[in-house]
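The values are calculated or read from the model by the stated rules, or taken from the named source; none is laboratory data. Since this is a predicted model, take the numbers as computed values, not measurements. Note that we place each Cβ from the backbone using ideal geometry, even for glycine, and neighbour counts take in every protein chain shown. What goes into the accessible areas is simple: the full protein's heavy atoms, side chains included, and nothing from ligands, DNA or RNA. Shrake-Rupley method; radii C 1.70, N 1.55, O 1.52, S 1.80 Å.
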Amino acid sequence: MTAKRNILVTGGLGFIGSHTVLCLNEAGYNPIIIDNLHNSKIEVLDALEELLGYRPVFVQGDVNDEALINGLFVTHSPEAVIHFAAHKAVGESVDNPLMYYQNNVVGLITLLAAMKAQDCSKMVFSSSCTVYGEPETVPVKESTPTRPAASPYGATKQMAEVILKDNNWCEVQCLRYFNPVGAHPTAKIGELPLGVPNNLIPYLTQTVAGIREKLTVYGGDYHTADGTCIRDYIHVMDLAEAHVAAIDRLFTSQRIQKVLEGDPSTDAFEVFNIGTGVGYSVLEVINAFEKATGERVNYSVGNRRAGDVVAVWADTEKVNQVLGWSAKRDLATMMKDAWNWQKNC
Ligand code: UD1
């Protein structure tokens with residue numbers, strides 16, 4: 001039996017990271033988790049242990065800790081990295097931009113330096129559809145021009161993409177996520193927002209659970225069919241599976257060899273939209289939640305939220321063709337799983 005490949009998962013106890021750890025294991029990889037518990041809880045490790053049937057390797061620490069990161073590479077010799085560890089709240093990034101540049105940009109550089117020193121040249125990177133800003137046309141393709149970032153958070157994702165492109169000794173699968181929602185079907189892991197949630201689904205489920213009084217729909221006068229914003233919501237398990245497809249590609253594509261041989265037609269950096277290809281309005285999401293769960297959502301339509309784009313959803317042709325991945329779970333499943341998780345919290 002050949003040894004399993006070690007994959008370093010930074011932010012592996014977070015929302016997307018924890019689901020990806022399960023999918024990596026399922027696909028025969030050995031996840032090595034590093035997480036600083038800034039936006040996650042140690043209980044997630046217990047839940048992972050229960051779901052995996054063993055306790056995965058976990059190191060509590062920060063990607064900015066150079067000595068720790070170097071030590072991890074020496075001890076575990078990961079063959080690839082999935083880099084989730086980053087801050088992701090738009091408003092917080094406006095209030096504290098330094099924190100965002102330090103963690104999301106400097107942290108990435110620290111990680112890359114350790115990878116280079118240890119000859120690890122494969123990474124899957126968490127980017128975001130935020131790089132497209134307010135697109136002129138939808139759906140957005142990977143070739144759709146990016147727009148100036150509307151927040152320091154968005155700027156850190158754009159900068160990270162540039163840094164990764166320039167470091168072409170490293171083969172990168174850059175995944176631009178649309179709106180991840182839902183939870184593991186067992187409801188043992190899911191999204192754990194800190195304090196008052198900013199994002200739609202945790203705010204909605206907390207409202208139905210009685211933790212919040214009422215959900216405000218941010219704006220009902222947009223130029224869309226029902227006046228509310230449109231997003232491409234994707235089940236977190238589909239998203240996690242996309243990471244495994246990206247890791248598989250890193251071990252099979254031989255792209256980095258071609259780049260190192262000077263093949264001008266090959267680029268070490270590949271970018272993929274990770275969405276379903278279908279956009280839903282905020283009101284459609286609320287209706288889908290009510291239908292899927294039988295619960296009523298207390299909401300009212302309020303003012304627009306500064307910085308919101310009107311409508312964005314993914315063109316998924318490239319990811320379907322090249323990565324061989326497509327989303328399988330529908331909006332009803334996303335809503336049911338998000339609600340089951342909320343009830344279990
Ligand atoms: C934002 C970021 C995205 C980031 C994601 C994860 C932008 C433009 N988007 O996505 O890059 O990856 O957060 O944190 O930077 N809504 C309400 N009421 C609420 C909350 C949200 O009506 O209480 C609406 C919003 O106006 C929006 C939709 O729900 O139309 C989704 O909002 P949200 O879940 O916050 O995600 P995004 O803003 O799309």
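Region 44-114 and region 256-297 have Cα centres spaced 22 Å apart. Leaving out same-chain residues fewer than 8 places away, which lysines sit with a Cα under 27 Å from that of LYS116? The qualifying lysines are LYS4, LYS88, LYS157, LYS165, LYS258.
Ignoring lysines fewer than eight residues from LYS291 along the same chain, the ones with Cα atoms less than 20 angstrom from its Cα are LYS214, LYS328, LYS336, LYS343.
Is region 239-345 best put as rounded, prolate or oblate by its Cα gyration tensor, with a ≥ b ≥ c the root eigenvalues, rounded for a/c under 1.5, and otherwise prolate when a/b is larger than b/c, oblate when not? Judged from the Cα gyration tensor, region 239-345 comes out prolate (a/c at least 1.5, a/b above b/c).
In the chain, the portion of solvent-accessible area held by carbon and sulfur atoms comes to 49 percent [1.4 Å probe, whole percent, DNA, RNA and ligands not counted]. Remark: the chain is approximated by an ellipsoid whose semi-axes, taken from the C-alpha gyration tensor as √(5λ), come to 32, 23, 19 Å, largest first. Each Lys and Arg adds +1 at its Cβ and each Asp and Glu adds -1 at its Cβ; summed about the Cα centre, region 126-255 shows a dipole of about 200 debye. Rg/Rh, computed from the Cα trace of region 123-166 with Rh as the Kirkwood radius, has the value 0.96.
In the context of the full set of protein chains, region 107-179 has a per residue accessible area of 38 Å² (1.4 Å probe). Estimated purely from DSSP H runs of n ≥ 4, each contributing -39500 (n - 2.57), the mean residue ellipticity at 222 nm for the chain is -11000 deg cm²/dmol once divided by its residues. Taking all protein chains into account, the per residue accessible area for region 208-274 stands at 42 Å² (1.4 Å probe). Dimensions of region 38-147 based on its C-alpha atoms, expressed as ranges along the principal axes with the largest first, amount to 47, 34, 30 Å.
Straight Cα distances below 16 angstrom link LYS122 to the aspartates and glutamates GLU79, GLU161, ASP166, GLU171, ASP248, ASP267, GLU270, with same-chain residues fewer than 8 positions distant left out. Candidates ASN287, TRP313, VAL244 compared by Cα position along the dipole of region 215-345: farthest toward the positive end lies ASN287, with charges placed on Cβ.
Under a model in which nothing but the beta-carbon of Lys, Arg (+1) and Asp, Glu (-1) is charged, the chain shows a dipole of about 320 debye around its Cα centre. DSSP finds beta bridges in the chain, and of those with both partners inside it, around 5 percent are antiparallel.
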